[in-house]
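The values are calculated or read from the model by the stated rules, or taken from the named source; none is laboratory data. Given the structure is predicted, the values throughout are model-derived calculations rather than measurements. All Cβ positions, even for glycine, are placed from backbone atoms using ideal geometry, and neighbour counts span all protein chains on display.
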Amino acid sequence: MRILLISAINPHMESETRYPQLGLGYLVSYARKKLGADTHEFKVINRDIEEAVEEFRPDIVGISCFSSNYGIVKRYAAFCKGKGIPVVIGGIHISLLPDSFTKEMDIGALHEGEETFAEVIELYDRTGRFDPESCASIKGIIYWEDGRLKFTERRPLIDDLDEIPRPARELLNVRGSHLSMFTSRGCPYRCVFCASSRYWTKTRFASASYVAEEIKELYYDYGAKIISFYDDLFIVNRKRVKELRDILDAEGLLGKVSFSCSARANLVDDDMARLLKDLNVVSVALGLESGHQRVLKYLKGGNISVEANRSAVELLARNGITPNAAFIIGSPDETREEMMATYDFIRSVPLRNFNVYVMTPLPGTPVWAEAAGKGLIQKDFEDWASLDAVHFSKHYRKAIIVSETMSREEILKVYRKFQRLRYWVFFKNVHRHPFVKDVPRMTLALARERILGMVKG
């Protein structure tokens, strides 16, 4: 049986095409473990969908995406359904907003998908169809029965992440010496703008030995020199970070590979900064969000402070680790003065790079629920591209603005001011950035993206 897996990215956006879709790689490796390594043929793609369907002639198509690209998913699903191919949808969007499931889709795999997708494949391989009676026996899915959306029992999470084989990277577009991996799932914090904790429901960690084995694979088999840990919060399990350092030291790999990871400011103290330095972490991304205490408390809760943010940046910089950060402007009652407090904060700390985003409601978050309660999001909402917070300037006329203190145009003006500061900070420090070799490629790709954007409207 041939199975085509599609990552429904926007192929014209450089930021979406830069790294392989590891989530689909996990689906393949887990299915091979459960169903046999040679029983099915898999293909993973993220572009040229129509051509791939015609050439590969899949028996099943699986599609995964984020909310901002759900319009692309619907188009792909309709095309495949028109060819008589059953369509399985998975990922964070359909898990947190299952009512957006359409008649062109046969099954929606909710939340963690490895076990569910393996059972879906086994069912179709055995019966050649997805009839409602059989679908009802699979946990963690939605499907159609007599025109009504049906939910099965929620599937328990996989407790031991070591049970999931490493992703099938041979099917992914793995290139270059800067590669990526996951070592955990979930986040113990519940920021109002983030859906991760609602999607994963609890935080789980692969063991240090499992992580070390994957690092060895990337180093020896793929030539990795830099590995980015894409966990929501890599450092939250301090004991595991220490164990990983010790294993890499014993294996003779410590110092041969550089790492980047994400962190929360209140978890960065002197010991953690030194530990990350020992591990050869060269860059840390911090979700600092705001330079104003009242706004910061709204966004991240009461256990973080502006001074903790400042301390984390300074500690990392003093230990020779490049601190990068993300900020959000445009919270419901945030004033221009409070936004400018964030601007002044950025100028006062030794950041090497930062990103700023305008508050965007995402399905499953308190911000989404609040926006819906205020009538900013209707039940028949379909403008998924407007949820693209990364490219706000391009979509600002359609973006859902939750601010009650500033107009759309006023927020855009402030956003552009932040962007000018961002470019100044980046280019001032580019010669010291640990990923400086990536800059020419990224600059060319971003220029291509900008040109395509202008051509397309």
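Restricting attention to segment 337-393, which residues are of a type in the set (Asp, Glu) and either part of a loop (DSSP other than H, G, I, E, B) or over 24 Å from VAL306 (Cβ atoms) (or both)?
Answer for segment 337-393, where residues must be of a type in the set (Asp, Glu) and either part of a loop (DSSP other than H, G, I, E, B) or over 24 Å from VAL306 (Cβ atoms) (or both): ASP380, GLU382, ASP383, ASP388.
Which one is nearest to GLU289 (Cα to Cα), of the residues in segment 308-336 that are in a helix (DSSP H, G or I) and of a type outside the set (D, E, K, R)?
For segment 308-336, the residue satisfying everything is ASN309.
Any residue in segment 328-357 that's assigned by TED's automatic domain parsing to the domain that holds GLN293 and acidic (Asp, Glu): show its pairings with residues that are surrounded by fewer than 21 Cβ atoms within 10 Å (Cβ to Cβ) and assigned to a strand (DSSP E or B) at Cβ separation under 6 Å, as long as the two are six or more apart or on different chains.
none
Conditions (1) crowded, with 17+ Cβ neighbours inside 10 Å; (2) in contact with a helix residue (DSSP H, G or I) (Cβ under 7 Å, 6 or more places away or on another chain); (3) of a type in the set (D, E, K, R), marked per residue:
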{"site": "VAL306", "(1), (2), (3)": "yes, yes, no"}
{"site": "LEU316", "(1), (2), (3)": "yes, yes, no"}
{"site": "GLY320", "(1), (2), (3)": "no, yes, no"}
{"site": "GLY330", "(1), (2), (3)": "yes, yes, no"}
{"site": "THR335", "(1), (2), (3)": "no, no, no"}
{"site": "MET339", "(1), (2), (3)": "yes, yes, no"}
{"site": "ASP344", "(1), (2), (3)": "no, no, yes"}
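Looking at ALA265, ALA273, ALA285, which one is of a type in the set (A, V, I, L, M), closer than 30 Å to PRO332 by Cα, in contact with a helix residue (DSSP H, G or I) (Cβ under 8 Å, 6 or more places away or on another chain) and in contact (Cβ under 8 Å) with a residue 40 or more places away in the chain?
Among ALA265, ALA273, ALA285, only ALA265 is of a type in the set (A, V, I, L, M), closer than 30 Å to PRO332 by Cα, in contact with a helix residue (DSSP H, G or I) (Cβ under 8 Å, 6 or more places away or on another chain) and in contact (Cβ under 8 Å) with a residue 40 or more places away in the chain.
Please find, among ALA52, ALA77, ALA8, the residue that is modelled with pLDDT of 95 or more, surrounded by 19 or more Cβ atoms within 10 Å (Cβ to Cβ) and small (Gly, Ala, Ser).
Result of the check over ALA52, ALA77, ALA8: ALA77.
Name, by its number, the condition in (1) at positive phi; (2) without any contact (Cβ under 8 Å) to a residue 60 or more places away in the chain that does not hold for VAL306.
Going through (1) at positive phi; (2) without any contact (Cβ under 8 Å) to a residue 60 or more places away in the chain one by one, VAL306 breaks only (1).
Can you pull out the residues in segment 265-286 that are over 15 Å from VAL306 (Cα atoms) and either under 21 Å from the mean Cα position of the chain (by Cα) or in a strand (DSSP E or B) (or both)?
VAL281, VAL282, SER283, VAL284, ALA285
Modelled with pLDDT of 95 or more, among the acidic types (Asp, Glu) and under 26 Å from the mean Cα position of the chain (by Cα), is that true of GLU289?
Yes: the conditions hold for GLU289.
Is it the case that some residue within segment 186-209 is assigned by TED's automatic domain parsing to the domain that holds ARG336, touching a residue at least 24 places away in the same chain (Cβ under 8 Å) and in contact with a Phe, Trp or Tyr (Cβ under 6 Å, 6 or more places away or on another chain)?
Within segment 186-209, one or more residues are assigned by TED's automatic domain parsing to the domain that holds ARG336, touching a residue at least 24 places away in the same chain (Cβ under 8 Å) and in contact with a Phe, Trp or Tyr (Cβ under 6 Å, 6 or more places away or on another chain).
Residues in segment 125-165 that are surrounded by fewer than 20 Cβ atoms within 10 Å (Cβ to Cβ), in the same structural domain as GLY36 (by TED's automatic domain parsing), assigned to a helix (DSSP H, G or I) and in contact (Cβ under 8 Å) with a residue 12 or more places away in the chain: how many?
Count: 2.
Name the residues in segment 166-206 that are part of a loop (DSSP other than H, G, I, E, B), modelled with pLDDT under 95 and among the basic types (Lys, Arg), would you?
ARG175, ARG190, LYS202
Given the options LYS417, LYS374, name the one that is over 22 Å from the mean Cα position of the chain (by Cα), at pLDDT 90 or above and exposed (fewer than 14 other Cβ atoms within 10 Å of the Cβ).
Working: LYS417 fails: exposed (fewer than 14 other Cβ atoms within 10 Å of the Cβ).
Going through LYS417, LYS374 in turn, the sole match is LYS374.
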